[in-house]
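The next block holds one structure in the form of structure tokens; read it before the comments.
The values are calculated or read from the model by the stated rules, or taken from the named source; none is laboratory data. Predicted model, so just to flag it, every value in this text is computed and none were measured. When we count neighbours, we look across all protein chains shown, and the Cβ atoms used for this are built from the backbone with ideal geometry, even at glycine.
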Amino acid sequence: MQQTCLYTVTVFTDDQVGLLNQVSIVFTRRRQNIESLSASPTSIPGVSKFTFTCWSTLRMMEQVVKQIEKRVGVLKAFLHTDDDIVYQNIALYKVPTRSLVDNHVVEKILRRHNARILEITEAYTVIEKTGHNDETRALFEELMQYGLTQYVRSGRVAVTKDAAEHFTAFLEEQRRLEQSQADAAANSNDN
Amino acid sequence: MNERITGAEVLMRGLVAEGVDRVFGYPGGAIMPVYDKLFDFTSSITHILTRHEQGAIHAAQGYARVSGRTGVVIVTSGPGATNVVTGLTDAMLDSTPLVVITGQVSVSALGTDAFQETDMIGLAQPITKWAIQIQRPEDIAPALAQAFYVASTGRPGPVVLDLTKDAQLGLTSWQYTPCRFVRGYLPKPVLDMEQVRAAADMINAARRPMILAGQGVALSNAEQLLISLAEKADIPVACTLLGLSAIPSGHPLFAGMLGMHGNVAPNYNTNRADLLIAVGMRFDDRVTGDTTRYATQAKILHIDIDASEFDKNIRTDARVHADASEALSALMPLVDKAEHSSWRRSFARHAAAEQSRVVAAAVNPPESEPLLNMHQVVHCVSEHAPEGAILVTDVGQNQMASARNFRFSHPKSIVTSGALGTMGFGLPAAIGAKMGAPNRTVCLFTGDGGFQMTLQELGTIMQYGTDVKIVILNNNFLGNVRQWQSLFFKNRFSQTPMLNPDFIALARAYAIEGEDVESRNELIPAVERMFAHHGAYILNVNIDPAAMIFPMTPPGESVDTIMLNQNEYY
């Protein structure tokens with residue numbers, strides 16, 4: 001059996017209804033549990049990006065990526081390990097204000113975890129922390145002592161460490177292909 | 001340019017622009033605007049009204065498989081749409097190009113559980129190459145163009161266009177541009193000559209090479225190239241079920257069919273070969289058996305247009321990512337002329353052993369044997385069939401018996417549900433096949449079980465006078481399940497015996513001629529009458545329910561573990 005590790009799959013798609021479903025069912029059909037997911041527009045108009053994380057084997061994830069790429073509307077999919085990417089999650093924590101104040105821990109927590117406060121009311125305080133899973137988890141565990149009432153963590157966002165921008169290059173190649181097809185069509189119409 | 005037409009008319013004009021002259025379908029509420037417009041287009045588009053939507057899509061599959069064209073299906077929403085789900089899955093797995101147009105309720109009713117509303121896109125996404133809902137009339141033309149492009153290029157497959165009533169009824173202007181490019185969709189990989197050279201080196205170094213030909217050969221019209229390459233390098237060619245007829249059955253390099261009920265020589269030699277050259281095939285589990293004991297001595301060279309097939313089921317040593325035709329053309333000049341006579345003789349030896357130990361007695365049983373068996377029936381029909389006949393099968397023993405015993409002389413001569421194994425596929429697929437190849441004889445073998453799953457399509461045959469020759473291999477059992485019950489479930493025949501109707505009386509109700517065949521001396525004259533008859537004909541052949549399909553690789557066993565009968569292994 002191959003070793004499992006946490007893989008990050010990034011998928012660039014046309015910005016169309018239904019594509020997230022098409023991509024996620026590729027995981028589902030193979031009983032791969034999606035650990036986290038984030039979906040958002042990209043800097044390129046009309047292109048969306050999904051970032052999945054999944055504990056799996058390399059062999060399985062290679063299959064998943066190839067199957068994702070077959071879907072019409074998917075532009076390109078990439079498989080990464082944590083070494084290839086710079087990544088972050090964001091986590092929000094809701095804690096009773098009285099508990100924090102009474103224990104005089106606000107400053108200590110904010111400093112140690114490099115976290116910040118988003119909102120304070122008499123009833124509750126909302127703290128924000130960005131970081132890797134283990135870091136957001138560490139703050140979660142600490143705040144549990146102070147009566148944490150809500151905790152939520154986002155999916156991963158990631159950018160590649162590679163100096164080459166493979167997706168940008170892919171899009172340029174696609175534009176060139178489209179143009180050459182259009183030229184060929186125009187020529188065949190002329191003849 | 002200012003002419004305003006309905007979306008339904010855009011669809012009709014678009015179909016004509018794509019060269020479609022035949023569609024299969026069934027009308028209903030949410031697709032009525034399309035059917036109303038079809039009424040104005042009957043001079044350019046022939047609509048085949050089947051008796052069930054499943055019949056329509058299987059007929060379109062049969063049509064596409066023999067003609068190389070894209071099959072077109074039109075059905076309504078809700079039950080019309082869900083009734084094509086089996087055919088969509090079948091076409092997806094067997095790489096058949098289809099454009100399936102489903103009606104859909106009005107945009108305002110979407111998601112309200114309206115009458116005959118179903119989430120067809122949600123249903124279709126996992127079982128189609130592409131599925132899209134169209135809400136505006138101006139989106140029909142580009143979607144239709146993309147549908148034909150996606151369905152027919154690359155590895156072909158089915159596409160669903162879910163047409164809301166708003167799109168059908170709304171007005172727009174007519175403009176149609178065929179699709180030649182979809183961003184991110186790369187149907188034709190750029191041939192990598194490094195891969196081709198490496199492949200040629202492997203072939204030239206091999207001493208015991210075998211070609212595994214799949215349907216990709218037929219899909220890229222590479223049959224002649226395959227034969228030329230095999231002849232040049234003297235390589236035996238084994239075919240998958242869907243690859244059959246890529247090389248004529250009588251060709252000296254034809255090594256037989258692969259798989260669970262394939263021929264002994266190619267299955268046995270899979271584990272003796274030093275190179276397997278897989279062309280447009282995907283190492284299905286019915287071909288490989290236990291993958292850990294597959295191709296034990298061989299390197300594997302995989303030629304396929306679909307990169308996701310590489311290393312999916314079997315680890316390969318080299319790959320050529322291209323369609324079969326392009327890859328074989330590029331390989332041809334780089335492959336040395338060779339001779340592998342002793343390797344080739346080993347195939348002949350195994351084939352002779354299979355012939356004497358299995359086939360001879362099945363095809364030509366002793367006179368004392370009172371009951372007919374399916375092998376001798378198929379053999380007899382094949383011997384009497386006109387040159388270039390197309391074999392259509394249902395699923396089960398009839399499929400394996402006919403694939404094993406039918407002899408192919410022309411390419412694109414088999415229509416069968418390979419990957420999905422859809423019982424009930426045969427009859428409607430045969431109707432479509434005849435319409436796709438009207439000048440060829442279409443010969444269907446089906447069982448009493450599968451025939452009854454879609455026998456309502458006898459009505460389609462009656463209405464259109466479709467000339468299909470139908471052979472029901474009738475053992476009053478679900479024979480293939482019975483065989484497994486007999487071999488692996490201690491003869492406990494759970495829910496496999498069937499009480500059947502009088503099939504010939506049934507045929508007569510549809511004005512189709514036919515006859516019962518009970519014994520061997522009735523068989524030949526009946527087959528002769530069937531082929532002499534102009535029009536559809538049904539032979540209801542009563543066969544021995546205890547007869548089984550051998551050879552057989554038991555499920556989970558290695559490819560060269562081959563049962564010759566209940567008691568004997570090869």
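Brief remarks on what is shown
- Residues satisfying the stated conditions in the stretch B:502-544, i.e. outside any strand (DSSP E or B), of a type in the set (A, V, I, L, M, F, W, C) and either crowded, with 16+ Cβ neighbours inside 10 Å or under 24 Å from the mean Cα position of the chain (by Cα) (or both): B:Phe503, B:Ile504, B:Leu506, B:Ala507, B:Ile512, B:Leu523, B:Ala526, B:Val527, B:Met530, B:Phe531, B:Ala536
- The lone criterion from (1) part of a loop (DSSP other than H, G, I, E, B); (2) surrounded by 15 or more Cβ atoms within 10 Å (Cβ to Cβ); (3) modelled with pLDDT of 95 or more left unmet by B:Ala547 is number (3).
- Taking the criterion of being closer than 18 Å to B:Thr86 by Cα and not hydrophobic (A, V, I, L, M, F, W, C), the residues of the stretch B:110-127 that qualify are B:Thr118, B:Asp119, B:Gly122, B:Gln125, B:Pro126.
- Hey, B:Gly396 under 20 Å from B:Ser245 (Cβ atoms) and under 17 Å from the mean Cα position of the chain (by Cα) or not: no
- For A:Val105: the one exception among (1) over 23 Å from the mean Cα position of the chain (by Cα); (2) within 14 Å of chain B (Cβ to nearest Cβ); (3) among the β-branched types (Val, Ile, Thr): (2)
- For the stretch B:177-294, the strands (runs of 3 or more DSSP E) that sit wholly inside it and include 1 or more residues that are at pLDDT 95 or above and at positive phi are B:254-257.
- Residue check for A:Thr81: under 30 Å from B:Phe181 (Cβ atoms), among the hydroxyl-bearing types (Ser, Thr, Tyr) and touching a residue at least 12 places away in the same chain (Cβ under 8 Å): no
- The criterion of at least 1 residues that are surrounded by 15 or more Cβ atoms within 10 Å (Cβ to Cβ) and of a type in the set (Gly, Ala, Ser) is met by the following strands (runs of 3 or more DSSP E) wholly inside the stretch A:90-161: A:124-131, A:157-160.
- Qualifying residues in the stretch B:460-469 (those that are touching a strand residue (DSSP E or B) at 6+ places or on another chain (Cβ under 9 Å) and not aromatic (Phe, Trp, Tyr)) - the one surrounded by the fewest Cβ atoms within 10 Å (Cβ to Cβ): B:Gln463
To keep it simple, each residue is scored yes or no on (1) among the basic types (Lys, Arg); (2) in the same structural domain as B:Ala401 (by TED's automatic domain parsing); (3) out of contact with any Gly (no Cβ under 8 Å at 6 or more places or on another chain); (4) without any contact (Cβ under 8 Å) to a residue 12 or more places away in the chain.
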| residue | (1), (2), (3), (4) |
| --- | --- |
| B:Phe489 | no, yes, yes, yes |
| B:Leu499 | no, yes, yes, no |
| B:Ala507 | no, yes, no, no |
| B:Glu515 | no, yes, yes, no |
| B:Asn521 | no, yes, yes, yes |
| B:Pro525 | no, yes, yes, yes |
| B:Phe531 | no, yes, yes, no |
| B:Gly535 | no, yes, no, no |
| B:Phe550 | no, no, yes, no |
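- Filter result (more than 28 Å from A:Gln174 (Cα to Cα) and either in a strand (DSSP E or B) or at the interface with chain B (Cβ under 10 Å from one of its Cβ atoms) (or both)) within the stretch A:66-89: A:Gln88, A:Asn89
- Subset of the stretch B:111-123 [in contact (Cβ under 8 Å) with a residue 24 or more places away in the chain, crowded, with 16+ Cβ neighbours inside 10 Å and more than 10 Å from every other protein chain (Cβ to nearest Cβ)]: B:Gln116, B:Glu117, B:Thr118, B:Met120, B:Leu123
For (1) out of contact with any strand residue (DSSP E or B) (no Cβ under 7 Å at 6 or more places or on another chain); (2) of a type in the set (A, V, I, L, M, F, W, C); (3) within 14 Å of chain B (Cβ to nearest Cβ); (4) touching a residue at least 60 places away in the same chain (Cβ under 8 Å), each residue gets a yes or a no:
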site: A:Gln150; (1), (2), (3), (4): no, no, no, no
site: A:Arg156; (1), (2), (3), (4): no, no, no, yes
site: A:Thr160; (1), (2), (3), (4): no, no, no, yes
site: A:Ala169; (1), (2), (3), (4): yes, yes, yes, no
site: A:Asp183; (1), (2), (3), (4): yes, no, yes, no
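- Flag for A:Ile44 being within 20 Å of B:Ala131 (Cα to Cα), outside any strand (DSSP E or B), within 14 Å of chain B (Cβ to nearest Cβ) and among the β-branched types (Val, Ile, Thr): no
- Residues considered: B:Ser356, B:Ser329. Of these, the only one that is over 29 Å from B:Phe406 (Cα atoms), polar (S, T, N, Q) and surrounded by fewer than 21 Cβ atoms within 10 Å (Cβ to Cβ) is B:Ser329.
- Residues (within 31 Å of the chain's Cα centre (by Cα), of a type in the set (D, E, K, R) and part of a helix (DSSP H, G or I)) located in the stretch B:328-387: B:Arg344, B:Arg349, B:Glu354, B:Arg357, B:Glu383
- Residue in the stretch B:124-154 that is farthest from the other protein chains (Cβ to nearest Cβ), counting only those that are β-branched (Val, Ile, Thr) and within 17 Å of B:Gly19 (Cα to Cα): B:Ile140
- Residues of the stretch A:17-39 that are more than 10 Å from chain B (Cβ to nearest Cβ), part of a helix (DSSP H, G or I) and surrounded by fewer than 16 Cβ atoms within 10 Å (Cβ to Cβ): A:Leu20 alone.
- Just one residue in the set B:Ala147, B:Ala143, B:Ala151 is surrounded by 20 or more Cβ atoms within 10 Å (Cβ to Cβ) and without any contact (Cβ under 8 Å) to a residue 24 or more places away in the chain; that residue is B:Ala143.
- Being within 22 Å of A:Val105 (Cα to Cα) and either modelled with pLDDT under 95 or in the same structural domain as A:Ser43 (by TED's automatic domain parsing) (or both) holds for only one residue in A:Gln145, A:Gln174, A:Gln181, and it is A:Gln145.
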